[in-house]
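A.B. asks: Sharing a structure here in structure tokens format.
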Amino acid sequence: MNKIKNLSDLRKIKDDLQNKIKLRENSNSPESVVQIKVGMATSGIASGAKEVMSFLIDELDRRKIDAVVTQVGDMGYCYAEPTIEVKKPGQDPLVFGYVNTEKAKEIIEKYIINGELVEGILPANYQSID
Amino acid sequence: MHLLICGGTGCTASQSLEIVDKFKAELKANNLEDEVQVVKTGCFGFCEKGPIVKVIPDNTFYTEVTPADTAEIVKEHIIKGRKVNRLLYLDPKEKEHVSDSKHMNFYKKQIRIALRNCGFINPENIEEYIARDGYAALGDVLANNNPTATIDIIKKSGLRGRGGGGFPTGMKWEIASKNHADQKYIICNADEGDPGAFMDRSILEGDPHSIIEAMAIGGFCIGATKGLVYIRAEYPLAIHRLQVAIDQAREYGLLGKDILGSGFDFDIDLRYGAGAFVCGEETALIHSMEGQRGEPTFKPPFPAQEGYMKKPSNVNNVETLANIPVIINKGWEWFASIGTEKSKGTKVFALAGQVNNVGLIEVPMGITLREVIFEIGGGIKDGRKFKAVQTGGPSGGCLTEKHLDTPIDYDNLIAAGSMMGSGGMVVMDETSCMVSITKFYLDFTVEESCGKCTPCRVGNKRLHELLDKITQGNGTMEDLEMLRELSHVIKDTALCGLGQTSPNPVLSTIDNFWDEYVAHVVDKKCPAGQCKKLMQYVIDPELCIGCGKCAKDCPVSTIKRTDYIAPGHKLASMEIDQSKCIKCGACQAGCKFNAISVK
């Protein structure tokens, strides 16, 4: 390791390193970033939820979008697996069904970035209590 | 995903390092080592339920994890996304498992400033510290090149010494900066000696770089190029992590010559203490570092005038220093907005004793004891009744029910007859005898008194003898008056803080638990049933079936058969000869008919 020579050096190194612990920072204040829950019960996994989750993590990372992607249990939409719930800061969560990687990309581009609604929103059949 | 595993001393003692290795092996076996990061962190504070494993990003908080549980966590949680319920924290009141740390009462009321990185970063990795804004405060301070302005920020923030006294830190720096000499020193006091207090250790183990950064900032402000950490040799893990951190900081050019191109030189050395309580007193600490006997000397001269090697020195406690970088980064206004009028910021307490959630907590000044004990601490163990809480360790006092709603800060605690001290907080329930507790603290101060001044050396010994006499059942009302009088004399005449505060436990318990002292002296009874000499094991002849098991269990053969046969029983009941009984309790433990009780 070369010595850090001045303050701007230090700031640059900090920016480079920040990604390493970003996940931890975001989990400290999940309400301020996009939260995505991927239903990963048996039916979800069988329908490819794992690939969708990996895709979401990589894609959001690549686009430098602050988000927390968590796996959760069965959300109750077994007919529409894989399902994901997306909660943007300050908004009500939306649940999307039949999400493959293509659909996931669309959700990121249209809903998360531009705020447009996309096909495939499932009617909410539950309320979350915090 | 990140797996954070506690690597503090407490959890390490319960095999947390093995858990780290096991996780790494399990993840490798499942080809997940690239997706899941395993991080050994500092203390989470929830030591009651260690070892702790926290899963990020969902903040799942697993407690009392064993190496054998790792396979299940990987298989169930990481692969299938199902939390392992049996390892989740069980709320003592609701009797329900709590899924993540955000919903645990233990964390809800806490604000973690000094402990911000404990349980969050890997303390042996400087990069994680830098990623958390580490060394940015030092960078700013050096770039601005205005020590007076920096001291002013610390002064305005209202930060006061966290080691016990509560002296304003900014003022301390200002005094040291105004004394001119060819060499000055900044000293970190890591001689944590209060029984039960371990916040300084946890900070050094969990976030050593924050101390290094703060010392460099302090050094720059007062004009010292040399920093010394006085740390107990009993803290091997803290010493190791601090040394690793110092080496890394040197490697990155954050210690050494010309730091960040500012022309400022600063380096840190460690000095080990042998674990004497009095060496936490700054003059004694300095003598010990110089290789002299660890004895205090009269102030003035203050260390800021004539300290280590007769040079101006500034001594700060670990927790005080841990606050410095955040104050610089976030501004004094932010810090001063937390807390009460005269006590700003937060305080770390080591919560111990008869509460459900024992551990290390950081709360804003001004929080009430009730919130700390009943919300964060989860209430008294086994549903027993709260009796008292001891704050400030051997120098502090006992507070009772009537103080529960007092906001905690330096001045309120002193007004209530106790003190902040370094932040020990021992909660006692109805089974604690206040006279015995006081005797315990005096045991400690008698042992730790350096012996230099007579009030402390002889006076505390006499206090201890009087307390012993009372617990033996030989006390008189004159003894109680004597306790009070002697305490005041010691307070007024002892040389250093140790002696001046050692009678505090006596005075506060006499004030708050006078009836209990009187019960010991006049009725010869210990209401809490703790003083052996004052209790009697008694057999209820109506319940005793005369089986004779107690007589066999008795190691000194004091139990004999009487000639009374209770109605409905076939054998005569047993009886204890009180003059020979050694109160070991073996008879009571062995009786299957609950016929033996303590009176």
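The values are calculated or read from the model by the stated rules, or taken from the named source; none is laboratory data. Quick caveat: nothing in here was measured; it's all calculated off a predicted structure. All Cβ positions, glycine included, derive from the backbone under ideal geometry; neighbour counts span all protein chains shown. Note: accessible area is taken over every heavy atom of the protein model, side chains too, but ligands, DNA and RNA are not part of it. Shrake-Rupley method; radii C 1.70, N 1.55, O 1.52, S 1.80 Å.
A.B. asks: Mind checking B:129-141 for the average number of partner chain beta-carbons within 10 Å of each residue's beta-carbon?
C.D. replies: 4
A.B. asks: Still on this model: Apply the Karplus curve 6.51 cos²θ - 1.76 cosθ + 1.60, θ = phi - 60°, to the phi angles in the stretch A:106-123 and return the couplings in whole Hz, x for Gly and Pro.
C.D. replies: 4, 4, 5, 5, 7, 7, 5, 7, 9, x, 7, 7, 10, 4, x, 6, 8, x
A.B. asks: What is the gain in length, in nm to one decimal, between B:L270 and B:K549 on full extension, counting 0.36 nm per residue of separation less the C-alpha to C-alpha distance?
C.D. replies: Between B:L270 and B:K549, full extension yields 94.4 nm more.
A.B. asks: Where nothing but the Cβ of Lys and Arg (+1) and of Asp and Glu (-1) is charged, how large is the charge dipole of chain B around its Cα centre, in debye to the nearest 20?
C.D. replies: 1100
A.B. asks: Using 0.36 nm per residue, how much length does the chain from B:A415 to B:T297 gain when fully extended, once their Cα-Cα distance is taken away? Numbers along the way, then the final one.
C.D. replies: Values: separation 118, 0.36 × 118 = 42.48 nm, distance 2.77 nm.
The span from B:A415 to B:T297 would gain 39.7 nm if fully extended.
A.B. asks: Let me ask something else about it. Within a 10 angstrom radius of each residue's Cβ in B:72-79, how many Cβ atoms of other chains show up on average? Whole number is fine.
C.D. replies: 1
A.B. asks: I need the phi-derived Karplus couplings for the stretch B:194-204: 6.51 cos²θ - 1.76 cosθ + 1.60, θ = phi - 60°, integer Hz, Gly and Pro marked x.
C.D. replies: 4, x, x, 8, 9, 6, 5, 4, 5, 5, 5
A.B. asks: Can you pull the one-decimal nm distance between simple spin-label points at B:T562 and A:D16, each 7 Å off the Cα toward Cβ?
C.D. replies: Taking the two extended label points, one gets 8.6 nm.
A.B. asks: Let me ask something else. Excluding ligands, DNA and RNA, what is the solvent-accessible area per residue of chain B at a probe of 1.4 Å, expressed in Å²? Intermediate results must be reported in sequence, preceding the final value.
C.D. replies: Working: 23350 Å² over 599 residues.
Solvent-accessible surface per residue comes out at 39 Å².
A.B. asks: Next up: Tabulate in residue order the Karplus-calculated ³J(HN,Hα) for the stretch B:230-238, using 6.51 cos²θ - 1.76 cosθ + 1.60 with θ = phi - 60°, rounded to whole Hz; enter x for Gly and Pro.
C.D. replies: Each residue's phi maps through the Karplus curve to give 9, 10, 5, 5, 6, 10, x, 5, 5 Hz.
A.B. asks: Next question, about the same structure. Please report how far the C-alpha centroid of the stretch A:63-109 lies from that of the stretch B:340-379, rounded to the nearest whole angstrom.
C.D. replies: If we compute the Cα centre of each part, the gap is 39 Å.
A.B. asks: Report which residues of the stretch B:237-254 become buried by 50 Å² or more of accessible surface when going from the isolated chain to the complete set of protein chains (1.4 Å probe; DNA, RNA and ligands ignored).
C.D. replies: The answer is B:E251, B:Y252 - residues whose exposure falls by at least 50 Å² when every protein chain is included.
A.B. asks: Label the stretch B:126-335 by shape, choosing from rounded, prolate and oblate, from the square roots a ≥ b ≥ c of the eigenvalues of the Cα gyration tensor; if a/c is under 1.5 it is rounded, and otherwise prolate applies when a/b is larger than b/c, oblate when it is not.
C.D. replies: rounded
A.B. asks: Still on this structure, I have one more. What average count of beta carbons from other chains do you get within 10 Å of the Cβ of residues in A:8-17?
C.D. replies: Across the residues of A:8-17, the mean count of other-chain Cβ atoms within 10 Å is 5.
A.B. asks: Under the classification rounded if a/c is under 1.5, otherwise prolate if a/b is larger than b/c and oblate if not, where does the stretch A:18-130 fall, given a ≥ b ≥ c as square roots of the Cα gyration tensor eigenvalues? Let's see the in-between values first.
C.D. replies: Numbers: a/c = 1.39, a/b = 1.35, b/c = 1.04.
Rounded.
A.B. asks: Keeping the other protein chains in place, figure out the carbon and sulfur percent of the accessible area of the protein assembly as shown, with a 1.4 Å probe.
C.D. replies: Heavy-atom surface of the protein assembly as shown belonging to carbon and sulfur, 1.4 Å probe: 51 percent.
A.B. asks: Students often forget the sequence filter, so: which aspartates and glutamates lie under 16 Å Cα-Cα from B:K184 once same-chain residues fewer than 8 apart are removed?
C.D. replies: B:E174, B:D265, B:D267, B:D269, B:E282, B:E290, B:E306
A.B. asks: Per 0.36 nm of contour for each residue apart, how much would the distance between B:L571 and B:I79 grow if the chain were fully extended, relative to their Cα-Cα spacing?
C.D. replies: This chain segment gains 170.5 nm when fully extended.
A.B. asks: Got a sec? Charge dipole of the protein assembly as shown, +1 on Cβ for Lys and Arg, -1 for Asp and Glu; which of B:G473, B:F61, A:P123 is way out at the positive end?
C.D. replies: About the Cα centre, the residue reaching furthest to the positive side is B:G473.
A.B. asks: What angle, in degrees between 0 and 90 and rounded to the nearest 10, separates the Cα long axis of helix B:169-178 from the longest principal axis of the Cα atoms of chain B?
C.D. replies: Around 50 degrees separate the two axes.
A.B. asks: Next up: Taking Cα centroids, how far is the stretch B:242-313 from the stretch B:555-581 in Å?
C.D. replies: Comparing the Cα centres of the stretch B:242-313 and the stretch B:555-581, I get a distance of 67 Å.
A.B. asks: Could you give the dipole magnitude of the protein assembly as shown about its Cα centre, charging the beta-carbon of Lys and Arg +1 and that of Asp and Glu -1, in debye to the nearest 20?
C.D. replies: 1120
A.B. asks: Once the Cα atoms of helix B:434-448 and of chain B are each reduced to a long axis, what angle between those two axes, in degrees from 0 to 90 to the nearest 10, is obtained?
C.D. replies: With both axes taken from Cα atoms, the answer is about 50 degrees.
A.B. asks: On C-alpha positions alone, give me the angle between the axis of helix B:477-493 and the longest principal axis of chain B, in degrees, nearest 10.
C.D. replies: On a 0 to 90 degree scale, this one is about 10.
A.B. asks: Continuing with the same structure: Can you compute the FRET efficiency between A:A46 and B:E72 using 1/(1 + (r/R0)^6), with r the Cβ-Cβ distance and R0 = 22 Å? Round to the nearest 0.05.
C.D. replies: Taking R0 as 22 Å, the efficiency between A:A46 and B:E72 is 0.50.
A.B. asks: How big is the accessible area of A:D66 in square angstrom, nearest 10, if you roll a 1.4 angstrom probe over the protein chains?
C.D. replies: Number for this one is 60 Å².
A.B. asks: Too long at a 27 Å Cα-Cα cut-off: which of B:K381/B:K439; B:K439/B:K599; B:K108/B:K344; B:K40/B:K93; B:K552/B:K583? Don't skip to the answer; put the middle values down first.
C.D. replies: Details: B:K381/B:K439 24 Å; B:K439/B:K599 22 Å; B:K108/B:K344 20 Å; B:K40/B:K93 31 Å; B:K552/B:K583 15 Å.
The answer is B:K40/B:K93.
A.B. asks: Could you pull the accessible area for B:D258 with a 1.4 Å probe, rounded to 10 Å²?
C.D. replies: Accessible surface of B:D258 is approximately 80 Å².
A.B. asks: I would also like to ask the following. What FRET efficiency comes out for the pair A:Y79/B:D140, r = Cβ-Cβ distance, R0 = 45 Å, nearest 0.05?
C.D. replies: My answer for the efficiency is 0.20.
A.B. asks: Among B:231-238, B:263-270, B:502-509, how do they line up by average Cβ neighbours within 10 Å per residue, starting with the highest?
C.D. replies: Working: B:231-238: 18.1, B:263-270: 16.2, B:502-509: 26.0.
Ranked by mean Cβ neighbours within 10 Å, highest first: B:502-509, B:231-238, B:263-270.
A.B. asks: Mark the label point 7 Å from the Cα of B:F440 along Cα→Cβ and return the residues of the stretch B:490-524 whose backbone N is within less than 19 Å of it.
C.D. replies: Counting only backbone N, you get B:502-514, B:516-517, B:520.
A.B. asks: Amide H neighbours of B:F264 under 5 Å, at least 5 residues apart or on other chains, H built in the peptide plane: list them.
C.D. replies: B:D258, B:I259
A.B. asks: For the pair B:Q305 and A:I65, what calculated FRET efficiency results from E = 1/(1 + (r/R0)^6), where r is the Cβ-Cβ distance and R0 = 60 Å, to the nearest 0.05?
C.D. replies: 0.60
A.B. asks: Report, in whole Å, the centroid distance computed from the Cα atoms of the stretch B:1-45 and the stretch B:90-163.
C.D. replies: Using only Cα atoms to place each centre, the spacing works out to 22 Å.
A.B. asks: Classify chain B from the C-alpha gyration tensor, please: rounded if a/c falls under 1.5, else prolate or oblate depending on whether a/b exceeds b/c.
C.D. replies: oblate
A.B. asks: Now a separate question. Can you check what the net charge comes to around B:G45, using other residues whose Cβ is under 14 Å from the Cβ of B:G45 (Lys, Arg +1; Asp, Glu -1)?
C.D. replies: Result for the neighbourhood of B:G45: +2.
A.B. asks: Under a 5 Å amide H to amide H cut-off, with H placed in plane at 1.01 Å, what residues pair with B:M574 once short-range neighbours are removed?
C.D. replies: Long-range HN contacts for B:M574: B:G546, B:T562.
A.B. asks: Using only protein heavy atoms and a 1.4 Å probe, how much accessible area in total is buried between A and B, to the nearest 100 Å²?
C.D. replies: 2900
A.B. asks: Something else now. Go ahead and estimate [θ] at 222 nm for the protein assembly as shown from helices alone: -39,500 (n - 2.57) per DSSP H run with n ≥ 4, summed, over the residue count, rounded to 500.
C.D. replies: It comes out at -10000 deg cm²/dmol, rounded to the nearest 500.
A.B. asks: Now, a different point. Over the stretch B:126-335, what relative contact order in percent results from Cα pairs under 8 Å that are six or more residues apart?
C.D. replies: Computed over the stretch B:126-335, the figure is 30 percent.
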